[in-house]
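The values are calculated or read from the model by the stated rules, or taken from the named source; none is laboratory data. Only a predicted model underlies this, so the values are computations on that prediction, with no experimental measurement involved. Positions of Cβ are generated from backbone atoms using ideal geometry, with glycine treated the same way; all protein chains shown enter the neighbour counts.
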Amino acid sequence: MTIDDTHVSRRGPPAVAGADTSEFSAGPRNSWEMVDEGWGRRAADFASLSEPGNCREYVAVHHRLGVGTGDLLVDVACGSGLAIELARARGAVCAGIDASQRLVAVARDRNPHADIRVGDMAALPWDDETFDVATSFRGIWGTTPEAVDEIHRVLLPGGRVGLTVWGHIKKSPGAWALAPFRMAAPARVENQAAMVSLGRPGVGEDLLARRGFVDIERVDVPFVWEFADPETFARTLASTGPAYEAIQNVGEAAFNEAAIELARARVRDGLPLRAEIAVVGYLARNRTRPERRLDERDGLPERT
Ligand SMILES: C[S@@+](CC[C@H](N)C(=O)[O-])C[C@H]1O[C@@H](n2cnc3c(N)ncnc32)[C@H](O)[C@@H]1O
């Protein structure tokens, strides 16, 4: 097996129904197709304009988790697969899953030998105790706790997990860059707030502890988006799922116009537009299997 020539075991075909839990997704009654409609409709823009802006986050979390040769890693809600590519560059053998088939097509293009599935993070298509490391970069939210159970299930005992979520957005210098998402319908904006609740102090720690994780650590994760100009900012933002919700509400032209106007006020001579946003990382370990007593091993009868 070459370093990423893996097709890790599966417990069945990927489950695809009910994949309605994306960041700022359109809510519980939405179908699987709606996730791809929002996140996948501009897959090439997302992959080449938006995802590279997250590189600091990926590098920092991989570093903190000590990702390297010998690790079998799964990235949950992997988007267009840049984090997987960077984990492979550190020597890990990788798998990934995302609800958007068009983002998965890019992820596979970037990582041709990795095991990347289209599916629902609430029903991961891998066996129990498969992976050494699981990551999810702003893919799991307060509204999707079942994905944490699934990560717990597919991680080996003692396996490492790193999840990121938005931190205190309003206090972030780059909060302006997320403001256009609030042009979505009020119910969608409320859902956004419920999702980001996982970033509040204590909330993620509690969720992970209740799901059987130990050695839980909350860390600040570096995160900066940069854009060449206001037009590029608007185009980049429009490629994301939450922008789709805003565009559905106000129309593409109004969304672009508002985003460009917002960014114009931030232009700095000779420098890129810069949006530094608070991102919280939760690092933890799966509980190790309790030590079996010596006389339980190898089927030896218990001594009296
Ligand atoms: C904020 S993006 C993060 C993508 C990627 N991790 C990154 O760093 O750019 C959220 C991702 O979650 C995916 N997603 C939403 N609901 C999902 C589900 N139920 N199962 C798997 N992926 C899902 C979306 O398609 C999208 O790629």
**Asked** Which is away from the ligand (no atom under 11 Å from the Cβ), more than 20 Å from Arg56 (Cα to Cα) and under 16 Å from the mean Cα position of the chain (by Cα), of Ile97, Ile151?
**Response** Ile151
**Request:** Kindly indicate whether Ala105 is surrounded by fewer than 22 Cβ atoms within 10 Å (Cβ to Cβ) and either within 9 Å of the ligand (Cβ to nearest atom) or assigned to a loop (DSSP other than H, G, I, E, B) (or both).
**Result:** no
**Message:** I need the full set of residues from region 253-270 which are of a type in the set (Asp, Glu) and surrounded by 13 or more Cβ atoms within 10 Å (Cβ to Cβ), in order please.
**Reply:** Glu257
**Asked** How many residues are surrounded by fewer than 24 Cβ atoms within 10 Å (Cβ to Cβ) and not in a strand (DSSP E or B) if we restrict to region 89-101?
**Response** 4
**Which listed residue, of Ala177, Ala185, Ala123, is farther than 29 Å from Thr69 by Cβ, touching a residue at least 40 places away in the same chain (Cβ under 8 Å) and surrounded by 23 or more Cβ atoms within 10 Å (Cβ to Cβ)** = Ala177
**Item:** Single condition Arg289 does not satisfy, out of (1) at pLDDT below 95; (2) outside any loop (DSSP other than H, G, I, E, B); (3) closer than 30 Å to Leu156 by Cβ
**Value:** (2)
**Asked** Do we have any residue at all in region 53-63 that's touching a residue at least 12 places away in the same chain (Cβ under 8 Å), more than 9 Å from the ligand (Cβ to nearest atom) and polar (S, T, N, Q)?
**Response** no
**Prompt:** helices (runs of 4 or more DSSP H) wholly in region 195-267 with at least 1 residues that are modelled with pLDDT under 95 and of a type in the set (D, E, K, R) - which ones?
**Reply:** 203-210, 241-250
**Residues that are without any contact (Cβ under 8 Å) to a residue 60 or more places away in the chain and either closer than 23 Å to Pro145 by Cα or not in a helix (DSSP H, G or I) (or both), drawn from region 70-88** = Ser80, Gly81, Ala83, Ile84
**Request:** Go through region 134-146 and count every residue that is at pLDDT 95 or above and surrounded by fewer than 24 Cβ atoms within 10 Å (Cβ to Cβ).
**Result:** 1
**Fill in**
Only one of (1) in contact with a Lys or Arg (Cβ under 9 Å, 6 or more places away or on another chain); (2) surrounded by 24 or more Cβ atoms within 10 Å (Cβ to Cβ); (3) not basic (Lys, Arg) does not apply to Asp115, and that is (2)
**Prompt:** Taking region 64-85 as the region of interest, how many residues are small (Gly, Ala, Ser), over 13 Å from the mean Cα position of the chain (by Cα) and either within 10 Å of Asp132 (Cα to Cα) or within 15 Å of the ligand (Cβ to nearest atom) (or both)?
**Reply:** 1
**Count of residues meeting criterion [closer than 30 Å to Arg289 by Cα, exposed (fewer than 14 other Cβ atoms within 10 Å of the Cβ) and more than 17 Å from the chain's Cα centre (by Cα)] in region 201-233** = 8
**Request:** Please enumerate the residues belonging to region 123-147 that are in contact with a Gly (Cβ under 7 Å, 6 or more places away or on another chain) and either within 20 Å of Met34 (Cβ to Cβ) or in a loop (DSSP other than H, G, I, E, B) (or both).
**Result:** Pro125
